[in-house]
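Enquirer: Here you go, one structure.
Laboratory data are not the source of any read-out in this text; all were calculated from the coordinates shown. The structure displayed is predicted, hence computed values, not measured ones. FYI the Cβ positions are ideal-geometry reconstructions off the backbone, even for glycines, and counts take in every protein chain you see.
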Amino acid sequence: MIKMLILGLAFVFVSCERQNTTELEIKEESLTSFILRNYKGSRLKWKLTAEEAKISDTTVIHQFELEFFDENSQPSSKLKADSGYVVHKTNDLKAIGNIIIKSSDSVTLWTNELNWSEERQKIFTDREVKYSKDKQIYRGRGLEADPSLKHIVIKEKFSGKGEFE
């Protein structure tokens, strides 16, 4: 009887110990034809479509498109890139390789590395950039812009011709 009581108490003690521990095991999962949507309330803010994705706490994406939507849920621009990743905790994104962004009003931007900050609602880079607007080509290094490419700031080495607002 005493042995049964000691075994029972040991079991309760071990069970109580287990309740206070947390085990986290992150497994990587690979998907093809991956789609990720981001909403604010019921409004679609952006949609990411990738040919391949490897999901863990950060999703690594290959051959992807990121489409941004305006306040009226209309497409404002579309980004295409070779690869990148999304950080789930912040919804920030980094695009890498052969990046092209085309806005709904015909502004096109090219670079090799670009970041999206969900908190700031801005795209930015410290790399070389080139963009076209109204049949003019502009170049520089470093950029910050809204996702619709209506407000673009080139940080350094700006060159190009045209009218500016």
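Enquirer: With Cβ to Cβ distances under 12 Å as the rule, what net charge do the other residues near ASN115 carry (K, R +1; D, E -1)?
Expert: Summing Lys and Arg as +1 and Asp and Glu as -1 gives -2.
Enquirer: Once the other residues with Cβ under 11 Å from the Cβ of GLU71 are scored (Lys, Arg +1; Asp, Glu -1), what is the net sum?
Expert: Numbers: positive: LYS40, ARG43, LYS45; negative: ASP70.
Taking every Cβ under 11 Å from that of GLU71, the sum is +2.
Enquirer: Also, quick follow-up: In bins 5 Å wide, starting from 0, what share of all Cα pairs of the stretch 27-160 does each bin hold, as a percent?
Expert: Reading upward from the zero bin: 2, 10, 21, 24, 20, 13, 7, 3, 1, 0.
Enquirer: Give, as a single signed number, the net charge of other residues whose beta carbon lies under 11 Å from the beta carbon of LYS89, with Lys and Arg counted +1 and Asp and Glu -1.
Expert: After counting each charged neighbour, the total is -3.
Enquirer: Still on this structure: Starting from the 7 Å offset along Cα-to-Cβ, what nm value, one decimal, do you get for the label separation of LYS89 and VAL153?
Expert: Modelled inter-label distance: 2.7 nm.
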